[in-house]
Amino acid sequence: MNKIQNPTRPVFPFTAIVGQEEMKLALILNVIDPKIGGVMIMGDRGTGKSTTIRAIADLLPYIEVVIDDMFNSHISDYDLMSDFVKKRIQEGLNLSTELIKVPMIDLPLGATEDRLCGTIDIEKALSEGIKTFEPGLLAKAHRGILYVDEVNLLDDHLVDILLDSAASGWNTVEREGISIRHPSRFVLVGSGNPEEGELRPQLLDRFGMHAEIRTVRDPSLRVQIVEQRSKFDQDPYSCIEEYKDKQYKLKNNIISAQNKLSTVSIDYDLKVKISQICGILNVDGLRGDIVTNRAAKAFAAYQNKDEVDIKDIKSVITLCLSHRLRKDPLDTIDSSLKVLQVVNDILV
């Protein structure tokens, strides 16, 4: 094992962020189990969406990757390896590794499909018979976080590609009969401002969780947030030092939860109750049931429990179902409250 890459500019500590508990919980659970399917964060401008997302990426432990591989391949997990690494392992070659920070990739609004997926050099392939692949953002985001700000303004076909890759864990690029496939498993985080338009329901449904955040109205809390930010801007390193112990504790909790996740069980009766809630709320498809089960297990693992209980389900179910309800323009009740009403009736 070789070097640890140099840290970049200082990032605001995750544990120093005041409020926005729903958003923080959704991010932590997706990091514990990326199969939850990512999180969509909708809220007003200036509510700390980007700061929080960058902070969770900075908090995560370093990952071990194969040197000279453009896909952040894992050295031993077959599902997280590129075909290039698999081939070298089959040939019995020794592979060197290094530790890197968890990739945090931003997808700009003006990105093209080639920038996202990568490109194949057709000319070289036809003239020399060599497959030359220029990796895109999906390759760089493998085993990390892919963040799309203003996802509701992104072209629908790009959102489709993103969601397909996030769900399957693979990206396939095909040009002129030449095909290249590589692993692309990442936590997809989208954010947006509802004033600038909603995401199409069929796309919104593909996000595992949905957190709605609003501007803090309490004056003393607002002052606390402003002071916290000012302190960081004046002297980021002393602020990071102040929260070092809290950051370390949270990082260890996340690592423990990741290791414990596969052993956490959920009782059959609770699974039935989750599906009953989804049925009463007229949630289309089964994504709501699957995501709620996964999120409840991740939450239980985060609480260091061996089995999911009612409290765990109640803590996550609104984040998993509120965005899956059919929109009725005549509705006066908020979708989160609708979910809570049914949950309190069924989970007693």
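The values are calculated or read from the model by the stated rules, or taken from the named source; none is laboratory data. Worth saying up front: this structure is predicted, and the values here are computed from it rather than measured. Note that each Cβ is placed from the backbone with ideal geometry, even for glycine, and that neighbours are counted across all protein chains shown.
What is the one condition in (1) within 19 Å of the chain's Cα centre (by Cα); (2) at pLDDT 80 or above that Thr47 does not satisfy?
Status for Thr47: all satisfied but (2).
I'm told Arg115 meets every condition in (1) modelled with pLDDT of 85 or more; (2) assigned to a loop (DSSP other than H, G, I, E, B); (3) out of contact with any strand residue (DSSP E or B) (no Cβ under 9 Å at 6 or more places or on another chain) except one. Can you identify the failing condition by its number?
Arg115 satisfies all of (1) modelled with pLDDT of 85 or more; (2) assigned to a loop (DSSP other than H, G, I, E, B); (3) out of contact with any strand residue (DSSP E or B) (no Cβ under 9 Å at 6 or more places or on another chain) except (2).
Being at pLDDT below 85 and of a type in the set (S, T, N, Q) narrows it down to one of Ser191, Ser179, so name that one.
Residue meeting the stated conditions: Ser179.
With respect to Ser76, determine if the residue is closer than 16 Å to Gly169 by Cβ, polar (S, T, N, Q) and either over 14 Å from the mean Cα position of the chain (by Cα) or surrounded by 17 or more Cβ atoms within 10 Å (Cβ to Cβ) (or both).
no
Run down Ser256, Ser238 and say which single residue is of a type outside the set (Asp, Glu), farther than 28 Å from Gly192 by Cβ and loosely packed, with under 11 Cβ neighbours inside 10 Å.
Values: Ser256 fails: loosely packed, with under 11 Cβ neighbours inside 10 Å.
After applying the criteria, what remains is Ser238.
Given (1) within 16 Å of Asp205 (Cβ to Cβ); (2) surrounded by fewer than 19 Cβ atoms within 10 Å (Cβ to Cβ); (3) aliphatic (A, V, I, L, M), where does Val283 come up short, assuming only one miss?
All conditions are met except number (2).
Considering Lys314, Lys327, Lys297, Lys305, which residue is basic (Lys, Arg), farther than 19 Å from Ile254 by Cα and surrounded by 13 or more Cβ atoms within 10 Å (Cβ to Cβ)?
Lys314
Which of the following residues is touching a helix residue (DSSP H, G or I) at 6+ places or on another chain (Cβ under 9 Å), surrounded by 13 or more Cβ atoms within 10 Å (Cβ to Cβ) and closer than 30 Å to Asp334 by Cβ: Arg175, Arg206, Arg185?
Working: Arg175 fails: closer than 30 Å to Asp334 by Cβ; Arg185 fails: closer than 30 Å to Asp334 by Cβ.
One residue alone meets the criteria, Arg206.
Give Val65, Val39, Val85, Val31 a once-over and let me know the one that is without any contact (Cβ under 8 Å) to a residue 60 or more places away in the chain, more than 25 Å from Lys231 (Cα to Cα) and not basic (Lys, Arg).
Residue meeting the stated conditions: Val85.
At positive phi and not aliphatic (A, V, I, L, M): which single residue out of Gly169, Gly190 fits that description?
Result: Gly169 is the single residue among Gly169, Gly190 that is at positive phi and not aliphatic (A, V, I, L, M).
Tell me which helices (runs of 4 or more DSSP H) are completely within segment 236-348 and hold 1 or more residues being acidic (Asp, Glu) and closer than 30 Å to Lys101 by Cβ, or say none if there are none.
236-242, 244-260
Any chance segment 161-182 includes a residue that's within 18 Å of the chain's Cα centre (by Cα) and over 30 Å from Ile67 (Cα atoms)?
Within segment 161-182 (the criterion being within 18 Å of the chain's Cα centre (by Cα) and over 30 Å from Ile67 (Cα atoms)), the answer is no, since none of the residues qualifies.
If only one of Lys35, Lys24, Lys49 is of a type in the set (Lys, Arg), in contact with a helix residue (DSSP H, G or I) (Cβ under 9 Å, 6 or more places away or on another chain) and either crowded, with 21+ Cβ neighbours inside 10 Å or outside the structural domain of Ile145 (by TED's automatic domain parsing) (or both), which one is it?
Lys49
Could you pull out the residue among Gly110, Gly92 that is small (Gly, Ala, Ser), under 23 Å from the mean Cα position of the chain (by Cα) and in a loop (DSSP other than H, G, I, E, B)?
Going through Gly110, Gly92 in turn, the sole match is Gly110.
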